[in-house]
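Quick notes on the structure that follows.
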Amino acid sequence: QCFINIAQKIAKRELLLIVTPELEKVKQQIAATVNMNNVRFLQCATNDTWARDTGFLTVLGPNGAELMDFKFNGWGNKFEASKDNAINRNLFSNNYFKGTYTDCNNFVLEGGSIEVDAQGSLLTTESCLLTPTRNPQLNKADIEIKLKQFFNVSNILWLKHGHLEGDDTDGHIDTLARLCPQGKIAYVKCYDKNDCHYESLSLMEKELQSFRQPSGEPYELIPLPLPEPVYAPADENENSERLPATYANYLIINNAVLLPVYNQPENDETAAKAIQRLFPRYEVVRIPCLPLLRQHGSLHCSTMQFPANVLNTKAENKADN
């Protein structure tokens, strides 16, 4: 139902591409409530559901869209990823995209690990990009050079602090802080001094306060509350793991922001008001995401947006066998 809700809200406003190994099952599940005229499908094998970290990263340049296909290695070889790592080549070879394919498979990078704005800044975390299980041959300076080349940015903002319990990604930025229009940053703030996240997120807040835009101006910081603890169902040993609930994992689409919510009325409302303040001309649409959270991710993690006119509207729905 969570995925159906996401599909409804996206297909109502823009073209939606669904990649799935179970094509007919998914079609049956969404046909009654989703605008199917706006939906395209590719049936192919997958390892997992996190399109954010496997999908093309798109750069618009003088020659049109550059579709950058980075290597995905299961967040530092934690999980099998060979099927997910082949999805982009499958999509491009079947004419789902208009643009130039750029093979970046000599560099490991997930979409959830970087945030880029229109001023030439890129926000990321040291805990993710500098981990030796991703690009061990490169140091921090090397990675900065690569990021500037790939994304045409000039200002790299590195966070040393910030972490959510239950996070498999080594600290993806899209769970912690997001670059927003007009020099603003939305970030997760912990108000409970007894929470295990308090110290790390407080240090992250201080780092964000020290960051400067290319103009030299500080960023305006907009806090999003850290949700109350959410736990996975206990296993047979009665151990229950805390899950990485965060409101920073929102998705911007045409005329709307899809906000993950967690059945916490007060926090959900506070987060929705903050997002509305950041995006006053957009409709804020709440999507209950507890089922996604039990898979250790949320709404932004499971989706990847593309610029206008990059997804081929005439693409045929294909099954790759």
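Would you please state which residues of the stretch 101-140 a label at Glu220 would reach in this model, taking the label point 7 Å out along Cα→Cβ and a backbone N cut-off of under 19 Å? Under 19 Å, as judged by backbone N against the label point of Glu220, lie 117-121 of the stretch 101-140. A 1.4 Å probe run over the chain, with the rest of the protein chains in place, finds 47 Å² accessible per residue. The amide H of Val39, built 1.01 Å from its N in the peptide plane, has Leu16 as neighbours under 5 Å, considering only residues 5 or more places off or on other chains. Each peptide in 62-72, 262-272 was scored by the mean count of other Cβ atoms within 10 Å over its residues; highest first, the order is 62-72, 262-272.
Out of (i) 57, 54, 46; (ii) 56, 41, 40; (iii) 52, 45, 44, which label holds the value of Cα extents along the principal axes in Å that was computed here? The value computed from this structure is option (iii).
Kirkwood hydrodynamic radius of the stretch 249-320, from the reciprocal of the average inverse Cα-Cα distance over all distinct pairs: 13.9 Å.
Checking the cross-link pairs Lys71/Lys273; Lys78/Lys146; Lys160/Lys193 against a 29 Å limit on the alpha carbon distance flags Lys71/Lys273 as lying beyond it. Calculated [222 nm] ellipticity per residue, helices only, for the chain: -7000 deg cm²/dmol; basis is -39500 (n - 2.57) per DSSP H run with n ≥ 4, divided by all residues, nearest 500. Ranked by the mean number of other Cβ atoms within 10 Å of their residues, highest first, the peptides 208-214, 88-94 fall in the order 88-94, 208-214.
Taking the DSSP beta bridges with both ends in the chain, the antiparallel portion is around 40 percent.
Antiparallel beta bridges, as assigned by DSSP with both residues in the stretch 28-103, represent about 55 percent of the total such bridges.
Ligands, DNA and RNA excluded, the heavy atoms of Glu144 present near 50 Å² of accessible surface to a 1.4 Å solvent probe. When a/c reaches 1.5 or more, the comparison of a/b and b/c decides; with that in mind, is the stretch 71-156 rounded, prolate or oblate per its Cα gyration tensor? Oblate is the answer for the stretch 71-156, as a/c is 1.5 or above yet b/c matches or exceeds a/b. Compactness check for the stretch 182-293: Cα Rg over 2.2 N^0.38 Å is 1.19.
The values are calculated or read from the model by the stated rules, or taken from the named source; none is laboratory data. Values in this document were obtained by computation on a predicted structure and should not be read as measured data. Note: ideal-geometry Cβ built from the backbone for every residue, glycine included; neighbour counts use all protein chains shown. We work out accessible area using only protein heavy atoms, side chains counted, and drop any ligands, DNA or RNA first. Shrake-Rupley method; radii C 1.70, N 1.55, O 1.52, S 1.80 Å.
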